[in-house]
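The values are calculated or read from the model by the stated rules, or taken from the named source; none is laboratory data. Everything numeric here is computed off the predicted structure, so don't read it as measured data. Cβ coordinates were reconstructed from backbone atoms using ideal geometry, including for glycine residues, and neighbour counts include every protein chain displayed. Note: areas computed on protein heavy atoms with side chains; ligands, DNA, RNA excluded. Shrake-Rupley method; radii C 1.70, N 1.55, O 1.52, S 1.80 Å.
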Amino acid sequence: MKRLFPFTFIVLCASAASFAADSAAISGRVLDPSGNAVARAEVHLDQSTGAAFLSADTASDGAYSFSDVAPGNYLLEASAPGLSLKRPVTVRLGGGETKQLDLDLVLSAQRSQVTVTSAATPQSVDQTSKALYVVNTAEAERRGLFTVSDSLRLVPGLRVTTRGGPGGFTTIQTRGLRATDTAILVDGFRLRDATAVQGDASSFISDLLLVDSSRIEVLEGSGSSLYGTNSIGGTVNIITGQGGGPLHGDIDLQGGGLGLFRGLARVAGGALHNRLTYSGGLAHLNETQGVEGGTPARNWSGQGSVNYALTSAIRIRARLMADTDYLQYQTIPYPVNSPASTFIQAVPLSSAQLQLANRGLPFNTTGATFVPALNDSDARRNGHFITALFHLDDQVTTRLSWRLYYQSAGTHRDNLDGPLGPVGAYEPSFHTSDLYDGHVDTVQARADYIAAPWQVITAGYEFEREHYENFSTDANPDPTARVYSLINIVQRSNAAFAQDQMQLFSGRLLVLLSGRFQNFQLNTPLFLGGISPYSGIPLPSPPDSYTGDASVAYFIRHTSTKLRSHVGNGYRVPSVYERFGTYFFGGAFTAYGDPRLSPERAISADAGLDQYLWGQRLRLSGSFFYTRLQQVIGFDTLGLITPATDSYGRYGGYFNTGGGIAHGVEVSGEFRPSRNTAIDASYTYTNALDRMSQFTTETGANPIQTPRIIPHTVTLRATQQFGKRVEAAMDFVGGSDFLYPLYGLAYRFDGPRQLGLSASYTVPLTDRSSMRFYARVSNTLNQQYYDDGFLTPRRWAVGGVRFSF
């Protein structure tokens, strides 16, 4: 790294000196369907092969302008509430050129928007050849939502589960696959907890609040050739706001059910004629009661970015996202009175008995088949994460650009427990602490080259260093029996990737090919407190990972139809714990992990169409998808691994095995009958089957359905604007019954019937400021719904006020 920065400085100076072309400018007006000027419309100018993402708001006469723009190819987009362009405009700017271009907005079922996740470079929505969904975070906030996970619940193909209320452990699954098969990105870079069992982001998904995100893009299907590990079934990319324009922001205060209070402050703008742009926010969530009064949670989150144009061609950027949180845990649900049958209908304790159990009093299980998660007053988690991204971009010529990135992502979790707890629950004899510290450093260099007007080639290199540390102790009064163990492990990897984007037949045919190679190096792990089970055995060279991806789309313009297909293979790197995981007891480590593990591999394919009707006011989409997990990492509990056959003397543990399959259909529609009305709906059918059952039934007929997956899911969202001040919205998620294992038994839980209602009233204060009063009722139907055997909130409501300027 010390040698990298002088080299970068030299290249930077040479590039600045060689870019002699004058900067360009573009301006114009934004007009509505009647030809009238649209004030405060959002206008974005996105560089096709660079990192210039410029933003501006129109003036009262609808005028916009961008100056000091590097020559090159751009996508120009504009939107206002209920209006957007038919499609982003492709603009080529030459050196010293000043271009005038007016933008005519129309009613459109889908906002004409530039996205970056499908190809890791800017593309308009109609240019994407993959299944991509865009979540408008501003719209989600208007409905009273404040977490990333809640804003994703209406996306077709996603299954979002939360154990309890806001702040509870949350997972996101895509198209019937496991939670580990969905990668979480922030501005295109992985957010992972190096100390998690599968090395994914599940430990912190519940802590992701809507702080300063401009949108969330969801890519469904394989994405590992672009984004690496975990992008097997889907990729969720959280895009940080870019800022720019006059100073603007929000102050939001919200409170209500579950003893909840939330505060948000956000500010954005630009300086030096927008050469410097900034955007940032700070949010606080305090849930004092939670579900059944025993799951309090607290969260402080910050997110923001600063961008500076050294010249019209050279830009630097810094982005930060951070969180610190507290969550009180509950116990694990367990079976009672379970009948001897393959499937057990999940019948929880009655409300009265559940209250007794949560107070630590004896309770009656008559009529129930399981005891839900119970409050545990001294089980809790203190945690935080911070991810920082530094970015340098140089547009060397109008055809060639290069970028250099460095991301640092650190995570910290302290899981604490004690002897207190409900009747019947297992509790430690002494206070315990399991402290996990992880860090992932990523360096990436990439170049984009416009080989022809119809072709863009990308190539790059990525280095990643992953650090895992676990320190465990307890408060045993006998010092000789006290737990004191430390594990310190480092894993490194090198990756090379390439991509070829082609637009043929006047842009009607889109082809995208990509591939990635990654290899790994392991350091000798450090174990303190006992003898390492991996000592004395040379570490192997872990197997390499290869992945490829191809997608094609064809647009039939006279019918406004897009046909698309996508096939590719994805992978997941074995986590540090899966390679070196242990169990510490009695002063000794027992090995679970296997350093020889190969990456998980999967192949997936989907095909679909997007149809625009009624002047683009109606958009219908349909997709068929199929994924086969060719090789996964399982945990042996059947005695397949024994000391006689295992180099590390293990009884059970992690090993490579075959995986299952998932296939299904997604159908969705977006309808904009007027500027003030929007209706979205979807239906998803998912059939997910494991190769080996995750259930152990008393009949021996163990089902192979993948746990937690809902076979039939429907969603509906409708918003209506009444005049300029009143807005109302509803959203609904419904699903069929699903299976989930409680101590291996196959419990059938009722599917969700979750209806949310929201309304707001806006009071204009000045031309650029307003006050909005809003309220939201969640679970309006008051369903008693369980995720993973954890009771979620019954009907509850919040109200708030937002000051915007």
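Is at least one residue of the stretch 508-531 touching a His at 6+ places or on another chain (Cβ under 9 Å) and of a type in the set (Val, Ile, Thr)?
There is no residue in the stretch 508-531 that is touching a His at 6+ places or on another chain (Cβ under 9 Å) and of a type in the set (Val, Ile, Thr).
Could you tell me whether Thr719 is over 24 Å from Ala775 (Cβ atoms), at pLDDT 95 or above and in a strand (DSSP E or B)?
No, not satisfied.
Table: residues versus (1) in contact with a strand residue (DSSP E or B) (Cβ under 7 Å, 6 or more places away or on another chain); (2) open to solvent by less than 10 Å² (accessible area, probe 1.4 Å); (3) over 20 Å from Ser682 (Cα atoms).
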site: Gln100; (1), (2), (3): yes, no, yes
site: Leu107; (1), (2), (3): yes, no, yes
site: Gln113; (1), (2), (3): yes, no, yes
site: Ala119; (1), (2), (3): yes, yes, yes
site: Arg143; (1), (2), (3): yes, no, no
site: Pro166; (1), (2), (3): yes, no, yes
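I'd like the residue in the stretch 205-223 that is out of contact with any Lys or Arg (no Cβ under 9 Å at 6 or more places or on another chain) and outside any loop (DSSP other than H, G, I, E, B) and, out of all such residues, is nearest to Thr582 (Cα to Cα).
Residue satisfying both the conditions and the ranking: Ile205.
Which one is nearest to Asn488 (Cα to Cα) among residues in the stretch 408-431 that are polar (S, T, N, Q) and modelled with pLDDT of 95 or more? Even if it seems obvious, please write down each step before you answer.
Let us first name the residues in the stretch 408-431 that are polar (S, T, N, Q), namely 408, 411, 415, 429.
When the remaining residues are screened for being modelled with pLDDT of 95 or more, the result is 408, 411, 415.
On the way: Ser408: 18, Thr411: 15, Asn415: 18 Å.
Filtering the stretch 408-431 for residues that are polar (S, T, N, Q) and modelled with pLDDT of 95 or more, the one nearest to Asn488 (Cα to Cα) comes out as Thr411.
Residues are listed down the side, and each one gets a yes or a no for (1) of a type in the set (S, T, N, Q); (2) under 30 Å from Arg601 (Cβ atoms); (3) surrounded by fewer than 19 Cβ atoms within 10 Å (Cβ to Cβ):
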{"site": "Thr657", "(1), (2), (3)": "yes, yes, yes"}
{"site": "Gly669", "(1), (2), (3)": "no, no, yes"}
{"site": "Asp680", "(1), (2), (3)": "no, no, no"}
{"site": "Thr696", "(1), (2), (3)": "yes, yes, yes"}
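For the list (1) farther than 30 Å from Asn358 by Cα; (2) modelled with pLDDT under 95; (3) open to solvent by 10 Å² or more (accessible area, probe 1.4 Å), I need the number of the one condition that Ala309 fails.
The single condition Ala309 does not satisfy is (3).
What pairs can you find where one residue is in the stretch 719-731 and farther than 20 Å from Ser151 by Cα, the other is in a strand (DSSP E or B) and among the aliphatic types (A, V, I, L, M), and their Cβ atoms are less than 8 Å apart, with a gap of 6+ or different chains?
Taking only residues 6 or more apart or on different chains, the pairs are Phe722/Ala728; Arg725/Val763; Val726/Ala759.
Between a residue in the stretch 565-587 that is farther than 30 Å from Leu509 by Cα and open to solvent by 50 Å² or more (accessible area, probe 1.4 Å) and any residue that is among the hydroxyl-bearing types (Ser, Thr, Tyr) and assigned to a strand (DSSP E or B), which pairs come within a Cβ distance under 6 Å, given they are 6 or more apart or on different chains?
Here the result reads Tyr583/Thr590, each pair linking the stretch 565-587 to a residue that is among the hydroxyl-bearing types (Ser, Thr, Tyr) and assigned to a strand (DSSP E or B).
Being of a type outside the set (Asp, Glu), over 30 Å from Gly608 (Cβ atoms) and at pLDDT 95 or above is true for just one of Ile641, Ile633, Ile679, Ile661. Which residue is that?
Working: Ile641 fails: at pLDDT 95 or above; Ile679 fails: over 30 Å from Gly608 (Cβ atoms); Ile661 fails: over 30 Å from Gly608 (Cβ atoms).
None of the other options fit; the residue is Ile633.
Select from the stretch 230-250 the residues that are touching a Ser or Thr at 6+ places or on another chain (Cβ under 8 Å), of a type outside the set (Gly, Ala, Ser) and in a loop (DSSP other than H, G, I, E, B) and write down the one among them that is farthest from Val665 (Cα to Cα). Please lay out each step first, then the result.
Our first condition is that a residue be touching a Ser or Thr at 6+ places or on another chain (Cβ under 8 Å); within the stretch 230-250, this holds for 230-245, 248-250.
Imposing the further condition that a residue be of a type outside the set (Gly, Ala, Ser) reduces the set to 230, 232, 235-240, 242, 248, 250.
From what's left, in a loop (DSSP other than H, G, I, E, B): 230, 232, 242.
Working: Asn230: 22, Ile232: 18, Gln242: 35 Å.
Checked the stretch 230-250; the qualifying residue farthest from Val665 (Cα to Cα) is Gln242.
Can you find a residue in the stretch 639-646 that is farther than 26 Å from Arg178 by Cα and surrounded by 17 or more Cβ atoms within 10 Å (Cβ to Cβ)?
Going residue by residue through the stretch 639-646, those that are farther than 26 Å from Arg178 by Cα are 642-646.
Then keep just the ones that are surrounded by 17 or more Cβ atoms within 10 Å (Cβ to Cβ); that gives 646.
Within the stretch 639-646, one or more residues are farther than 26 Å from Arg178 by Cα and surrounded by 17 or more Cβ atoms within 10 Å (Cβ to Cβ).
Quickly run through the stretch 145-159 and pick out the residues that are free of Cβ contacts under 8 Å to residues at least 24 places away in the same chain and surrounded by 22 or more Cβ atoms within 10 Å (Cβ to Cβ). Write out each step before concluding.
The initial filter retains those residues of the stretch 145-159 that are free of Cβ contacts under 8 Å to residues at least 24 places away in the same chain, namely 150.
None; the set is empty.
If Ser202 satisfies all but one of (1) in contact with a helix residue (DSSP H, G or I) (Cβ under 9 Å, 6 or more places away or on another chain); (2) in a helix (DSSP H, G or I); (3) not acidic (Asp, Glu), what's the number of the condition it fails?
Just one mismatch for Ser202, condition (2).
Do we have any residue at all in the stretch 512-529 that's among the β-branched types (Val, Ile, Thr), part of a strand (DSSP E or B), open to solvent by 50 Å² or more (accessible area, probe 1.4 Å) and under 28 Å from Gly199 (Cα atoms)? Steps first, answer last, please.
Taking the stretch 512-529 as the starting set, the residues that turn out to be among the β-branched types (Val, Ile, Thr) are 524.
Still in the list and also part of a strand (DSSP E or B): none.
Within the stretch 512-529, not a single residue is among the β-branched types (Val, Ile, Thr), part of a strand (DSSP E or B), open to solvent by 50 Å² or more (accessible area, probe 1.4 Å) and under 28 Å from Gly199 (Cα atoms).
Taking the criterion of being open to solvent by less than 40 Å² (accessible area, probe 1.4 Å), more than 29 Å from Phe738 (Cα to Cα), in a strand (DSSP E or B) and of a type outside the set (A, V, I, L, M, F, W, C), would at least one residue in the stretch 367-378 satisfy it? It would help to see each step written out before you state the result.
Let us first name the residues in the stretch 367-378 that are open to solvent by less than 40 Å² (accessible area, probe 1.4 Å), namely 368-376, 378.
Those left that are additionally more than 29 Å from Phe738 (Cα to Cα): 378.
Okay, now just the ones that are also in a strand (DSSP E or B), so 378.
Filter once more, keeping what is of a type outside the set (A, V, I, L, M, F, W, C): 378.
Within the stretch 367-378, one or more residues are open to solvent by less than 40 Å² (accessible area, probe 1.4 Å), more than 29 Å from Phe738 (Cα to Cα), in a strand (DSSP E or B) and of a type outside the set (A, V, I, L, M, F, W, C).
Could you look through the stretch 495-510, keep only residues that are open to solvent by 40 Å² or more (accessible area, probe 1.4 Å) and part of a strand (DSSP E or B), and pick out the one that is farthest from Ile531 (Cα to Cα)? It would help to see each step written out before you state the result.
Let us first name the residues in the stretch 495-510 that are open to solvent by 40 Å² or more (accessible area, probe 1.4 Å), namely 496, 498, 503-506, 508.
Restricting the remaining residues to those that are part of a strand (DSSP E or B) gives 496, 498, 503-504.
Values: Ala496: 38, Ala498: 44, Gln503: 59, Leu504: 62 Å.
Going through the qualifying residues, I end up with Leu504.
In the list Gly529, Gly507, which residue meets the criterion of being in contact with a strand residue (DSSP E or B) (Cβ under 7 Å, 6 or more places away or on another chain) and either of a type in the set (Phe, Trp, Tyr) or at pLDDT below 95 (or both)? Walk me through how you get there before you give the answer.
Values: Gly507 fails: in contact with a strand residue (DSSP E or B) (Cβ under 7 Å, 6 or more places away or on another chain).
After ruling out the rest, the residue left standing is Gly529.
Please pick out the residue among Gly421, Gly383 that is at positive phi and in contact (Cβ under 8 Å) with a residue 40 or more places away in the chain.
Values: Gly383 fails: at positive phi.
Being at positive phi and in contact (Cβ under 8 Å) with a residue 40 or more places away in the chain holds for just one of Gly421, Gly383, which is Gly421.
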